[in-house]
Amino acid sequence: MSASGDVIRATYLITAPAGEAAAAARRIAYEQTVELPEALVTDAAILEGVVGRVEDVTPCAGHDERHLATIAYPCAAFDAQFPALLNLVFGNASLLAGTRLVDVDLPAAVLSQFQGPNHGATGLRALLGVHGRALLATALKPRGRDARELAALAGAFARGGGDIVKDDQNLADDFETFKRRALRCRDAVADANAASGRNCLYLPHASARYDDLERCFEFAAASGIPGLLVCPMIVGLETLRTLAARYPLVVMAHPALTSVAGGTAARGLAPPLLWGTLFRLAGADIAIFPHPGGRFPFTADDGAATAAALRAPLGELAAALPAPAGGMTLERVPELCATYGVDAVHLVGGALFGLDNDIAVATRRFLDAIRAASDERLVPPQPLPAPARGYHLAAGADFNWAGRESSPYKHAEDAAFRGVRRVELVGRFGEPTRTDLRYFEVEPGGYSSFEQHVHGHIVIAGRGRGVLVQGGERRALEVNDVAFIAPLEAHQLRNESDQPFGFFCIVDRRRDRPLPAG
């Protein structure tokens, strides 16, 4: 649920004697905002507009030294991204004894800055064409099997009617190995889908060095792989939020490295907040978490509360699917279905592999158990993403291209310029590329703005003659001349001839806004 007004409300479980709980809550409020003792903060503007305000401290029933404290943090100057949010509500407080963050309510203005799941529960149902029952997923394991063996397992699961097959989170390799495994498994699942007419989704594990992590997302999107498994606490919540918003993939979030304790633990993050709300804010369409009774020590209340957080209203964000896991067996399917209902993904690993020598047969047995507890309805699935395809732009007269219109160079108030037209050629039409290609044309006597920016870019003269003002020097540009503009290098393109001067510009897809130079 979203908070009202212009504040972020955080709820903490504070372990302290009854007479000290209110003071402990005030210490958190000051620690999280001004990081000074209360007595040293006397400026009225800071007290009103920066310091957190303790709204309520309530004893927990049956626990003399446990209290729930709600603190409201002003968010007028809040930058809606995970580093700022997490630092605000739990940065230093995470180091305090007896302090646990159990919930965060965000106002609509903050929630609107988070895209959340790309597909959500409804979108996943459309991709699969499966309604009325819980979904069945498995993990490719163990590490040590080669790509052919893993692909064979993936194909068998898909032939058995399984819904989602993911890499095990332990399959964390270099980018080239990731590509080879992902393509083999994609093709094995695609063959099974073609035979059945259904859609099983294959989700490889995106775990890579910083330089390669986005390449995993790019590769999946370009090769028609519908989504990825990601460990948000390993790659970072803000990293996942950014990449999930940038690439329209299904994201299955794994709880590795979350290091949370269930029940009424006295410190850290509450599991429903992390696995439910925060994972969903970061873009998880499906969130994996341990179901009680498996090999991880969490309770039924933890599971129920996590599932509720994934489904609860959260601004305009889509609901995500809970994926209980960790020691699931065929005998426990009725319990799982009764606990989580139809809007869930039952993730079964070792129990499925050990049930039968034929993975397809074992998958059917698990599906039969799920169907027995539900009312399955199958509809034609939505087509899965197709691999990216290139295209050709036919050039017309006077440096125009079919399907590409000229547009204003930039807003008139941005900077001084004269007589420049702009044509977006490649990069703004859904292409999976990190660069944009534009064509600019300067009329006689015209000039671009004199500016500088952090991103470097490449200029290739294509028509007529021009002058490049660069780093305090003037350079003549003739057709086919190439210039590189370094980051923060002041530059301008001018046409001092009596004929149009045109140039192509290659620039980063994501770039900063220019600053006036000189």
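Within the same chain, lysines fewer than 8 places from Lys166 are excluded, and of the rest, those with a Cα less than 22 Å from its Cα are Lys141, Lys179. With the convex hull drawn over the C-alpha atoms of the chain, the volume per residue is 181 Å³. For the pair Ile458 and Arg510, label points projected 7 Å from Cα toward Cβ lie 2.1 nm apart. Dipole check for the range 428-497: with +1 at the C-beta of Lys and Arg, -1 at the C-beta of Asp and Glu, and the Cα centre as origin, the magnitude is about 60 Debye. Using the alpha-carbon atoms, what tilt in degrees (0 to 90, nearest 10) does helix 147-159 show relative to the longest principal axis of the chain? With both axes taken from Cα atoms, the answer is about 70 degrees. Note on Glu331 and Asp356: their simple-model spin labels are 2.0 nm apart, each label 7 Å out from Cα toward Cβ. DSSP beta bridges fully contained in the chain are about 70 percent antiparallel.
Compute the length gained on full extension between Asp191 and Ala97: take 0.36 nm times their separation in residues and subtract their Cα-Cα distance, giving the result in nm to one decimal. List each step's numbers first, then the result.
On the way: separation 94, 0.36 × 94 = 33.84 nm, distance 5.44 nm.
This chain segment gains 28.4 nm when fully extended.
For the chain, the relative contact order is 13 percent, taking Cα pairs closer than 8 Å that sit 6 or more residues apart in sequence and dividing their mean separation by the residue count.
Roughly how many debye, to the nearest 20, is the charge dipole of the chain about its Cα centre, given +1 on each Lys and Arg Cβ, -1 on each Asp and Glu Cβ, and no other charges?
1320
With R₀ fixed at 60 Å, the C-beta to C-beta distance from Arg465 to Val50 puts the FRET efficiency at about 0.60.
Kirkwood Rh over Cα pairs of the range 245-348 into Stokes-Einstein at 25 °C, 0.890 mPa s: D in µm²/s?
Answer, rounded: 177 µm²/s.
For the range 323-400, applying the loop criterion from DSSP together with a ceiling of 14 other beta carbons within 10 Å to the chymotrypsin sites (Phe, Trp or Tyr not before Pro) yields Tyr391. Pull out the extension gain between Thr433 and Ala126, defined as 0.36 nm times the separation in residues minus the alpha carbon to alpha carbon distance; nm, one decimal. Gain on stretching Thr433 to Ala126: 107.8 nm. Taking every protein chain into account, the accessible area of the chain amounts to 45 square angstrom per residue (probe 1.4 Å). Over the range 348-472, the alpha carbon radius of gyration divided by the compact-protein estimate 2.2 N^0.38 Å works out to 2.01.
Here the 3J(HN,Hα) profile of the range 303-318, calculated from phi with Karplus coefficients 6.51, -1.76 and 1.60 at θ = phi - 60°, is x, 5, 5, 5, 4, 5, 5, 6, 9, 5, x, 8, x, 9, 5, 5 Hz, Gly and Pro shown as x. Mean separation of Cα pairs under 8 Å and 6 or more residues apart, divided by the residue count, gives the range 51-109 a relative contact order of 22 percent.
The values are calculated or read from the model by the stated rules, or taken from the named source; none is laboratory data. Please read all numbers here as calculations on a predicted model, not as lab measurements. Virtual Cβ from ideal backbone geometry, glycine too; neighbours counted across all protein chains shown. SASA here: full protein model, heavy atoms, side chains in, ligands and nucleic acids out. Shrake-Rupley method; radii C 1.70, N 1.55, O 1.52, S 1.80 Å.
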